[in-house]
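What follows is a set of notes on a single structure, which appears directly below.
The values are calculated or read from the model by the stated rules, or taken from the named source; none is laboratory data. On a predicted model such as this, the values are computed, not experimentally measured, just so you know. As a convention, Cβ positions derive from the backbone with ideal geometry for all residues, glycine included, and neighbour counts pool all protein chains shown.
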Amino acid sequence: MDMKIAVIKGDGIGPEIVSEAMKVLDKVCAVCSHSIEYREVLMGGASIDAFGVPLTEETIEACRNSDAVLMGSIGGDTNTSPWYKLEPSKRPEAGLLGIRKALNLFANLRPAYLYKELSQACPLKKEIADKGFDMLIMRELTGGLYFGERKTVTENGIRKAIDTLTYTEEEIRRIAIKAFEIARKRRGSVISVDKANVLDSSRLWRDVVNSVSKDYPDVKLSHMLVDNCAMQLVKDPSQFDVVLTENMFGDILSDEASMITGSIGMLSSASLNDTKFGLYEPSHGSAPDIAGQNIANPIATILSAAMMLRYTFDLDKEADLIEKAVSDVLSEGFRTSDIYTEGTRKLSCSQMGEEIARRIG
Ligand code: NAD
């Protein structure tokens, strides 16, 4: 297969970790006879330095003309970087919001997987951590409370703030379809999370998800209220496969799910539109505190590249090769400093990329 990938290395540790993901992708391509054409473009702080704005039309066009985008993190130290003296619409993060909007990326996927070798980093009780977990939170990214009408008014001398939570059936249907499709590539189960005992938007959500599920009889669907889901994530995370939810619930639950893995440098993510196109990036930020030292953990970005092969290119076998190489490296005792424990072997960022690439093929 010939793949066209736009690459946004980003700021801070971004260039270091993306280079390692490219190293691993190149190895997969060499082993499995695929080819990749990379087109490197700027966004975030690097784009501000070069062009005065965090996102240019050229970057958007390069992404649109590619099959997928591989991205590092963007942004700098929010206390000291001059980027944060600019008005909010000119700051690095505005680039991220802009590109999501320009590419219509409405589905955000964040896997939370507990490697047994890293289970001591899991903050849950040992008997819960020992069972392990492997879930994927699918969050609607462009609708709901964060995008509804809002205002603050004063009535009889008392201020009142109003936010509105709106979803159309189309917005719900398109993300539900994504969730069922992706569940078919995993363990075939979707838990849809809502607050249908209170909210009309949740009742519509549940209704539409139920109707979409009729087209996926092989996928098991159940519903869970969001407050219960928040509890179940710490009580028995092993029960979850694909967790489908709206924007605000997903914002909170995906952070909770990340937290229980205990290893921020390991968490990948993807944002998809209604084609096979996706933007793949680590869940963590640009870690300016360790940038340029070759000590960052590149695994989240490498696993994001595996997600890209699986979800944009349907190259499941190739994605498995990367995920297995990561597992092997960990079980052989190699660690970057963020996940280092006594008795394991500490590697730099580039050494970790090399060890993973070496185990492919
Ligand atoms: P952060 O995730 O960058 O860092 C939090 C802590 O985790 C730091 O101590 C950092 O060293 C460590 N860490 C993060 N990733 C690591 C890795 N791969 N290997 C080893 N250690 C790692 O969060 P922050 O410090 O709050 O934010 C820094 C910048 O990143 C800010 O400008 C923020 O806006 C930006 N940010 C960007 C994104 C994105 O691009 N999607 C997401 C979150 C934060």
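The figures follow:
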item: Filter result for ASN210 (surrounded by fewer than 22 Cβ atoms within 10 Å (Cβ to Cβ) and not assigned by TED's automatic domain parsing to the domain that holds PRO298); result: yes
item: Residues that are within 15 Å of the ligand (Cβ to nearest atom) and farther than 21 Å from VAL226 by Cβ, drawn from the range 116-149; result: LEU118, ALA121
item: Residue check, LYS126 more than 23 Å from ALA21 (Cα to Cα) and more than 23 Å from the chain's Cα centre (by Cα); result: yes
item: Hits in the range 230-269 (condition: within 16 Å of the ligand (Cβ to nearest atom) and not in a helix (DSSP H, G or I)); result: GLY262, SER263, LEU267, SER268, SER269
item: Odd one out for LYS185, checked against (1) under 30 Å from THR312 (Cα atoms); (2) modelled with pLDDT of 95 or more; (3) surrounded by fewer than 21 Cβ atoms within 10 Å (Cβ to Cβ); (4) not aromatic (Phe, Trp, Tyr); result: (2)
item: Residues of the range 289-299 classified as more than 6 Å from the ligand (Cβ to nearest atom) and in contact with an Asp or Glu (Cβ under 7 Å, 6 or more places away or on another chain), total; result: 2
item: Residue among VAL153, VAL219, VAL193 that is in contact with a Cys (Cβ under 8 Å, 6 or more places away or on another chain) and not assigned by TED's automatic domain parsing to the domain that holds GLY278; result: VAL193
item: Failed item in (1) in contact with a Pro (Cβ under 9 Å, 6 or more places away or on another chain); (2) among the β-branched types (Val, Ile, Thr); (3) away from the ligand (no atom under 16 Å from the Cβ), with THR312 passing the rest; result: (1)
item: Residue that is surrounded by the fewest Cβ atoms within 10 Å (Cβ to Cβ) [pool: residues in the range 324-345 that are among the charged types (D, E, K, R) and more than 12 Å from the ligand (Cβ to nearest atom)]; result: GLU342
item: Helices (runs of 4 or more DSSP H) wholly inside the range 1-91 that include at least 2 residues being within 13 Å of the ligand (Cβ to nearest atom) and more than 21 Å from GLY353 (Cα to Cα); result: 45-51
item: Tabulated pairs, the range 117-132, first over 21 Å from VAL326 (Cβ atoms), second buried (at least 18 other Cβ atoms within 10 Å of the Cβ), C-beta under 7 angstrom, 6+ apart or interchain; result: PRO123/ILE260; LEU124/ILE260
item: Unmet requirement for ARG150, which otherwise passes all of (1) surrounded by fewer than 16 Cβ atoms within 10 Å (Cβ to Cβ); (2) at pLDDT 95 or above; result: (2)
item: Wholly within the range 138-221, strands (runs of 3 or more DSSP E) carrying at least 1 residues that are hydroxyl-bearing (Ser, Thr, Tyr); result: 150-155, 189-194
item: Among the residues listed as SER201, SER192, SER222, SER211, the single one being at pLDDT 95 or above and touching a His at 6+ places or on another chain (Cβ under 6 Å); result: SER192
item: Matching residues in the range 150-188 - criterion: being on the phi > 0 side of the Ramachandran plot and under 21 Å from the mean Cα position of the chain (by Cα); result: GLY188
item: Counted residues, the range 194-219 - those being in contact with a Lys or Arg (Cβ under 8 Å, 6 or more places away or on another chain), within 20 Å of MET231 (Cβ to Cβ) and not small (Gly, Ala, Ser); result: 1
item: Residue tally, condition surrounded by fewer than 18 Cβ atoms within 10 Å (Cβ to Cβ), closer than 22 Å to ALA305 by Cβ and not basic (Lys, Arg), over the range 37-56; result: 3
